[in-house]
Amino acid sequence: MAGSGMKSLAKDTAIYGLSSILGRVLNWFLMPLHISIFTNTIEYGKVSRIYGLTALFLVLLTYGLETGFFRFMNKKEENADKVYSTSLITIGCTSLLFILFSICFITPISEWLRYTDHREHIMIMAIVVALDAFMTIPFAYLRQQKRPKRFAALKLAFIFFNIFFNLFFLVFCPWIKEAYPDFILNKFYHQDIGIGYIFLANLISTLAVLILLIPTTMKGLKIDFDRSLLGRLLKYSFPLLMLGLAGVISQTVAQLVYPYIFDSVVEADRQLGIYSACVKFSVIISMFIQAFRYAYEPFFFGKNKDGKDNTKSYADAMKYFIIFVLLIFLVVMFYIDIIQYIMHKIGRNYAIGLDVLPYAMMGEIFFGIYFNLSVWYKLTDKTKYGAYFSILGCIIQVVMNIVLVPVYGYIASAWATFACNLIIAAISYFIGQKYFPIKYDLKNIFLYFILATVFYIAAMYPQIDNELLRMGYRTIFLIAFAAIVIKKDLPLSEIPLINRYFKKNK
């Protein structure tokens, strides 16, 4: 892996990635817990729908300010303390207004969302999303200050709190109610609240992390609001709102449109429950992209600050990113028998949806490529192009879901995500080469895609009845792919731990 910049990026990605991977893996276990308790797919569909709306409103409430914060914190002519204070005050005010708006208009909001049976679910998550939006700037500050360990610790704290309270409300309290009917806790626990406890656990966990975050990132903060600076921040950041919407629609388009494309909301929630549970298995790629994003934004803005030509570093980052996500894709698909076994054990009603997985994962891969390509318009301040691409992506996603899902069912949502991200990544590449040329290693990138496709078909096509033989056969192709990668682009001596071993034994 070439250069000290790549090693620094790899180190930060590893730290963010470790917390992200551990956190997402731990959080992923909530899905088996939920579908094993709520065996009716309609209930899990409701949970998925609320979290889809939460993700959408989180993007709306941060309106691209997180990336704008990084950009202006790295501008020599800007006062860093003033950038932080102005960003924090702005997003704090809009988050508070959102909570007040939700309280005042909860009835029409719930009717518009076709979720009228439990309005309190919407209210709880409105507070959660407002708090999450407010915390994006303090968390961005930790990243900008190169404090990945503190960042990781706080992110993991939320995961542990959330898992604890999910187990408390969904497992411990029902057990206590059944084993000890007269226990005082039973006066406060009501089993008919059901999935509402999932949202309540999230709210408690969010508040706990906010309490931990405040002394770390706001101690000694001077209140210094600059209206002129805010105008410049919003001018840069607001177009990125559309970019954020593209990302969130890639993840949540089904949750957003299903209630409106099925005649019955019950049928919408049933299909959504199956789709959402199965798509969760693509989390491995999405969490790698998230970890990479946490490290990559400070990396390329910092690189740009030194005034040198760093396009080689950006090209290297793209190639290594593609290598690793293709490897992850092959690992998941080659051992999908394990996933099928797990799903049949914990949620037989959900297992029929696993055929969405390869399309969902490739959609994630091309979204990651699109994020890598976004460096050109972020560094040239042409963020309007991010808005254009995002609008196009939104249109593709929504139209494909509206047209295809009623005919083919939930699998069409995975097709739409894949097609959307492939198209906007291709368009971003060709336009980016005009304004900010980066010489990507297209020859090897296409080679790895072709190789992964050929190995995937060769490994998955033969019908081998014996499970051990089938996975052993596929493992041969996985080892072959990894060996080619190591030989061509990832020498073992460049990997830090192995590099130390080589030095000691010279």
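Check off (1) in a helix (DSSP H, G or I); (2) farther than 25 Å from residue 282 by Cα for residue 439 and give me the number that stays unchecked.
Among (1) in a helix (DSSP H, G or I); (2) farther than 25 Å from residue 282 by Cα, the lone unmet condition for residue 439 is (1).
Just one of 438, 450, 427 is at pLDDT below 90 and closer than 27 Å to residue 489 by Cβ; which is it?
Numbers: 450 fails: at pLDDT below 90; 427 fails: at pLDDT below 90.
Every option except 438 fails the conditions.
Output the residues belonging to segment 254-275 that are modelled with pLDDT of 90 or more and of a type in the set (Ser, Thr, Tyr).
Selection gives 258, 260, 275.
Does any residue in segment 327-342 that is over 18 Å from residue 485 (Cβ atoms) and without any contact (Cβ under 8 Å) to a residue 60 or more places away in the chain come within less than 6 Å, Cβ to Cβ, of a residue that is surrounded by fewer than 16 Cβ atoms within 10 Å (Cβ to Cβ) and not basic (Lys, Arg) six or more places away or on a different chain, and which pairs are these?
Qualifying pairs under 6 Å: none.
State which residue is nearest to residue 80 (Cα to Cα) when the search covers only segment 109-152 and only residues that are part of a helix (DSSP H, G or I) and among the aromatic types (Phe, Trp, Tyr).
Per the stated criteria, the residue is 141.
Please state which one of 337, 355 is closer than 23 Å to residue 278 by Cα and in contact with an Asp or Glu (Cβ under 7 Å, 6 or more places away or on another chain).
Result: 337 is the single residue among 337, 355 that is closer than 23 Å to residue 278 by Cα and in contact with an Asp or Glu (Cβ under 7 Å, 6 or more places away or on another chain).
Can you tell which of 375, 331 is at pLDDT 90 or above and either buried (at least 18 other Cβ atoms within 10 Å of the Cβ) or touching a helix residue (DSSP H, G or I) at 6+ places or on another chain (Cβ under 8 Å) (or both)?
Working: 375 fails: at pLDDT 90 or above.
Sole residue among the options that is at pLDDT 90 or above and either buried (at least 18 other Cβ atoms within 10 Å of the Cβ) or touching a helix residue (DSSP H, G or I) at 6+ places or on another chain (Cβ under 8 Å) (or both): 331.
For segment 195-226, which positions are in a loop (DSSP other than H, G, I, E, B) and crowded, with 17+ Cβ neighbours inside 10 Å?
Let us first name the residues in segment 195-226 that are in a loop (DSSP other than H, G, I, E, B), namely 195, 218-226.
Answer for segment 195-226, where residues must be in a loop (DSSP other than H, G, I, E, B) and crowded, with 17+ Cβ neighbours inside 10 Å: just 195.
Could you please tell me which pairs satisfy a Cβ distance under 8 Å, a separation of 6+ or placement on different chains, a first residue in segment 456-475 that is without any contact (Cβ under 8 Å) to a residue 60 or more places away in the chain, and a second residue that is assigned to a helix (DSSP H, G or I) and aromatic (Phe, Trp, Tyr)?
Hits for this filter: 458/477; 462/473; 464/473.
Looking at (1) at pLDDT 90 or above; (2) touching a Phe, Trp or Tyr at 6+ places or on another chain (Cβ under 6 Å), find the lone condition where residue 176 falls short.
Failed condition: (1).
Cβ contacts < 9 Å: first residue without any contact (Cβ under 8 Å) to a residue 12 or more places away in the chain, restricted to segment 110-136; second residue surrounded by fewer than 16 Cβ atoms within 10 Å (Cβ to Cβ) and among the polar types (S, T, N, Q), any location; separation 6+ or different chain. Result?
What qualifies is 116/107.
Tell me whether segment 189-207 contains one or more residues that are of a type in the set (A, V, I, L, M) and over 24 Å from the mean Cα position of the chain (by Cα).
Residues of segment 189-207 of a type in the set (A, V, I, L, M): 193, 195, 198, 200-201, 203-204, 207.
Going one step further and asking which of them are over 24 Å from the mean Cα position of the chain (by Cα), we end up with 193.
Within segment 189-207 (the criterion being of a type in the set (A, V, I, L, M) and over 24 Å from the mean Cα position of the chain (by Cα)), the answer is yes, since at least one residue qualifies.
Before we move on, is residue 170 within 30 Å of residue 84 (Cα to Cα) and surrounded by 15 or more Cβ atoms within 10 Å (Cβ to Cβ)?
On the way: within 30 Å of residue 84 (Cα to Cα): no; surrounded by 15 or more Cβ atoms within 10 Å (Cβ to Cβ): yes.
For residue 170, the condition - within 30 Å of residue 84 (Cα to Cα) and surrounded by 15 or more Cβ atoms within 10 Å (Cβ to Cβ) - is not met.
Given the structure, is residue 116 in contact with a Ser or Thr (Cβ under 9 Å, 6 or more places away or on another chain), surrounded by fewer than 17 Cβ atoms within 10 Å (Cβ to Cβ) and not charged (D, E, K, R)? Talk me through it step by step, then tell me what you get.
On the way: in contact with a Ser or Thr (Cβ under 9 Å, 6 or more places away or on another chain): yes; surrounded by fewer than 17 Cβ atoms within 10 Å (Cβ to Cβ): yes; not charged (D, E, K, R): yes.
Yes: the conditions hold for residue 116.
Please count how many residues of segment 395-412 are touching a residue at least 40 places away in the same chain (Cβ under 8 Å) and more than 19 Å from residue 289 (Cβ to Cβ). Break it down stepwise before answering.
Going residue by residue through segment 395-412, those that are touching a residue at least 40 places away in the same chain (Cβ under 8 Å) are 397-398, 401-402, 405-406, 409-411.
Now restrict to residues that are more than 19 Å from residue 289 (Cβ to Cβ): 398, 401-402, 405-406, 409-411.
Summing the residues that are touching a residue at least 40 places away in the same chain (Cβ under 8 Å) and more than 19 Å from residue 289 (Cβ to Cβ) in segment 395-412 gives 8.
I'd like to verify a number: residues in segment 367-401 that are out of contact with any Phe, Trp or Tyr (no Cβ under 8 Å at 6 or more places or on another chain), of a type in the set (Val, Ile, Thr) and closer than 26 Å to residue 329 by Cα, how many?
Residues meeting the conditions: 2.
Tell me which residues, restricted to segment 405-424, are surrounded by fewer than 23 Cβ atoms within 10 Å (Cβ to Cβ) and part of a helix (DSSP H, G or I).
406, 407, 408, 411, 412, 415, 418, 419, 422, 423
The values are calculated or read from the model by the stated rules, or taken from the named source; none is laboratory data. Note that the structure is predicted; figures quoted are calculated from it, not measured. Note that each Cβ is placed from the backbone with ideal geometry, even for glycine, and that neighbours are counted across all protein chains shown.
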